[in-house]
1. Could you give the length gained by full extension between Lys202 and Arg226, i.e. 0.36 nm per residue of separation minus their alpha carbon distance, to one decimal place?
2. Name the shape class, rounded, prolate or oblate, that the alpha-carbon gyration tensor gives for the range 85-210, where a ≥ b ≥ c are the square roots of its eigenvalues, rounded holds for a/c under 1.5, and otherwise prolate holds if a/b is larger than b/c and oblate otherwise.
3. Modelled label-to-label distance, Leu250 and Leu194, 7 Å Cα→beta-carbon offset: nm?
4. Mind ordering 187-193, 236-242 by average Cβ neighbours within 10 Å, highest first?
5. Just list whichever of Lys74/Lys255; Lys126/Lys202; Lys83/Lys197; Lys74/Lys206; Lys89/Lys202; Lys83/Lys138 have alpha carbons separated by over 31 Å in the model shown.
6. How many nm is it between the label spots at Asp141 and Thr115, if each spot is 7 Å from the Cα in line with the beta carbon?
7. Report, by chain and number, residues whose modeled amide H sits under 5 Å from the one on Leu210, excluding near sequence neighbours (fewer than 5 apart, same chain).
8. What order, most packed first, do the peptides 74-82, 225-233 have when packing is the mean number of other Cβ atoms within 10 Å of each residue?
Amino acid sequence: MTHSPQTHLLASLTAYLQDLQESGVDGIPVELAAAATPAAVLQQNPSLKSGGNEHSEELQSVPEKHETLEQIRKNLGACQRCKLGATRKNLVFGVGNPNARLLFVGEGPGADEDTQGEPFVGDAGKMLNRIIAAMGLKREDVYICNVVKCRPPQNRPPESDEVASCIPFLLRQLNSVRPEVIVALGTSAAQALLQTKVPISKMRGKFHDLHGMPLMPTYHPSYLLRTGGNSDSFWSVWDDMIQVLRFLQLPVPEKSRKK
Ligand code: URA
């Protein structure tokens with residue numbers, strides 16, 4: 001039997017809720033009330049209906065519907081769910097085509113993104129734009145977002161509690177856009193989405209399953225800025241993007257590898 005991406009995503013949301021419950025969380029954050037199809041989440045996980053969950057009624061009354069990105073953004077509001085909220089200038093939600101076939105997920109906003117409220121607009125963004133252009137695509141064709149929506153101080157990787165607060169919103173964005181392929185840029189994005197500690201160098205280069213959606217981990221554009229435009233890692237990213245283009249049945253532009 002085949003399962004739709006939504007079914008897989010719901011199964012994963014259910015597992016996520018179970019993890020929360022097992023780690024002692026006895027209520028579902030109200031933000032999840034508008035998630036994917038929460039009635040189905042509860043149907044698959046009846047224990048969440050009992051157990052003194054104060055939000056169960058709300059969750060059961062939410063109709064099954066396709067959530068728009070605007071609704072998810074509105075639901076985030078002036079988010080202070082984790083400590084990053086206190087130091088950010090702007091919440092960086094995401095940008096691009098709400099019906100994109102290809103979606104890129106980065107780690108979290110840096111200084112430029114924090115100032116402008118848009119993901120990947122600094123130096124790493126310029127590198128990402130180069131990758132997108134080399135693929136024969138435009139930035140407006142794809143959707144771009146991050147694991148965490150607020151800038152971690154000194155651009156440190158997001159901490160696990162920050163990821164835990166933000167990832168339900170990322171999953172909702174994925175379920176709203178329903179891309180055919182997700183590219184996880186760098187360690188934080190790949191590890192957070194695939195819930196693993198495997199190094200990016202071991203994960204990249206092959207598709208992984210994210211709730212029924214194919215996910216290709218690859219090196220972060222910032223890493224390419226450090227290693228250079230003709231480095232092995234640069235060509236590894238290009239090899240990964242070739243796989244993505246082939247999967248999407250899009251033309252693969254010629255790129256000559258300099259010696
Ligand atoms: N690095 C990221 O991971 N995301 C951004 O938006 C910018 C830099």
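Bear in mind that the values in this text are calculations on the coordinates, not laboratory data. A quick note: this is a predicted structure, and the numbers were derived from the prediction, not measured. Using ideal geometry, Cβ is built from the backbone for each residue, glycine included, and neighbour counts are taken over all protein chains shown.
1. That pair, Lys202 and Arg226, stretches by 6.7 nm at full extension.
2. Rounded.
3. My value for the distance between the label points is 2.1 nm.
4. Values: 187-193: 24.0, 236-242: 18.1.
Result, highest mean first: 187-193, 236-242.
5. Working: Lys74/Lys255 42 Å; Lys126/Lys202 26 Å; Lys83/Lys197 23 Å; Lys74/Lys206 35 Å; Lys89/Lys202 35 Å; Lys83/Lys138 34 Å.
With Cα atoms farther than 31 Å apart: Lys74/Lys255; Lys74/Lys206; Lys89/Lys202; Lys83/Lys138.
6. Computed distance between label sites Asp141 and Thr115 equals 3.0 nm.
7. Excluding prolines and chain starts, which carry no amide H, the hits are Leu215.
8. Listed from highest to lowest mean packing, they are 74-82, 225-233.
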